[in-house]
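The values are calculated or read from the model by the stated rules, or taken from the named source; none is laboratory data. Computed from a prediction, not measured in an experiment: that's the story for all the values here. Positions of Cβ are generated from backbone atoms using ideal geometry, with glycine treated the same way; all protein chains shown enter the neighbour counts. To get the accessible areas, we keep the full protein, side chains included, count just its heavy atoms, and leave off ligands, DNA and RNA. Shrake-Rupley method; radii C 1.70, N 1.55, O 1.52, S 1.80 Å.
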Amino acid sequence: MDLKANITKSFLGGPTIQADLLVELESFGLTILFGPSGCGKTTVLRCLAGLEAPDQGSIQAGAEVWFDSVHGTIMSSSARGIGFVFQDSLLFPHLSVSGNIAYGLRGWTGADRHQRVLDLIDLMGLQGIADRRPAELSGGQKQRVALARALAPRPRLVLLDEPFASLDRAAGDLLRHNLRQILQELKVPALLVTHNPVEALALGDRMLRMSVGRIVEEGAPAEVLSGHGAAAESPIGVVVRTRVVGRVEGLLRLETSGVEILAPDPGGDFVEAYACIRGEGVSLEQGPHGQQTQRNRFSAEITGIESVGALTRVRLHAGFHFEALITTWASEDLQLVHGQTITALIKASAIRVVPIES
């Protein structure tokens, strides 16, 4: 069963949001709704959840109609079977951790409700704080309680609106690390809103990229983020999938297509990772690279040259695809042409490693 939505929502004196999307509900999958702040991501989420009504269009889950502007159909938010996690936890301040988690379990028997709360406390790592009120919790604990509350009624889909935005880095990293595992264990599909490309890479199976109120691209996160449309809105650079083959002097040895890349080691135990290579950290020089020992020095073929204002983007292939972003003066001085072989030097500091969550 799929969730299909084709909706339009306008704001007086503001933007018009148009979204045409499909999310599979039968099995686990984490879809990323990605784009810059203000592009309409949260509006789409709120319309799917029934917290706002679109102006036009339809939303349908299988044969179940949630919204239809032509026939005037609007299914209530509670009847849609969706869990929602907001940027801020929005816990009920007068209820304990257990009380917040149990809030959506009305209609369950007392024994079933009690067991479900215990199971989620264990799954979320909330042991020992079940009786605390929200004011006694850290930011990370609050968001884990909010996630548990959203998942408690066994929703058919959970919507997450930038759930790490209000957390400090350590708490955000911990929740992000656990989130995919939790959703996968419970077999709950999810749609997560973010403007953070690292979150998208670390968590997503599929990405929908929004720009100026519209979904303009979809595909695997690495493919979308490496595309030229996303490049203007994300500083992450070109994304290359790699596997870890070793560590040396604080650097990771990464392999892709038979080529080894050295990058800063973020720590942790993982086998596969994305290497995000920023073009401004790539320099070019004429001639073969020879037997010099400088790290990340490759012979590369120029596959494209594009002017971007005062800079020139040079697309390269050295067993893997990447880009150099250099001054137009440097490009002219090197006399670069399509198909030319050139030496490329990639600074290790220009590479960010994002572990792939298993």
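Dividing the convex hull volume of the alpha-carbon atoms in the chain by its residue count gives 165 Å³ per residue.
Helix 110-123 and the long axis of the chain differ in direction by around 20°, with both axes built from C-alpha atoms. The alpha-carbon of K9 sits under 16 angstrom from the alpha-carbons of these aspartates and glutamates, leaving out residues fewer than 8 places away in its chain: D20, E52, D55, D68.
The alpha-carbon positions of region 133-254 define a convex hull whose volume is 153 Å³ per residue.
Any idea what the dipole of the chain comes to, in debye rounded to 20, about its Cα centre with Lys/Arg Cβ at +1 and Asp/Glu Cβ at -1? If you can, show how the numbers build up before the last one.
On the way: 33 positive and 39 negative charges, 151 e Å.
In total the dipole reaches around 720 debye.
Region 49-123 and region 306-358 have Cα centres lying 47 Å from one another. Per-residue ellipticity at 222 nm, computed for the chain from helices alone with -39500 (n - 2.57) per DSSP H run of at least four residues, works out to -6500 deg cm²/dmol. Between the Cα long axis of helix 169-186 and the first principal axis of the chain there is an angle of about 70°, rounded to the nearest 10. In this view, the solvent-accessible surface of F92, computed with a 1.4 Å probe and all protein chains in place, comes to about 60 Å².
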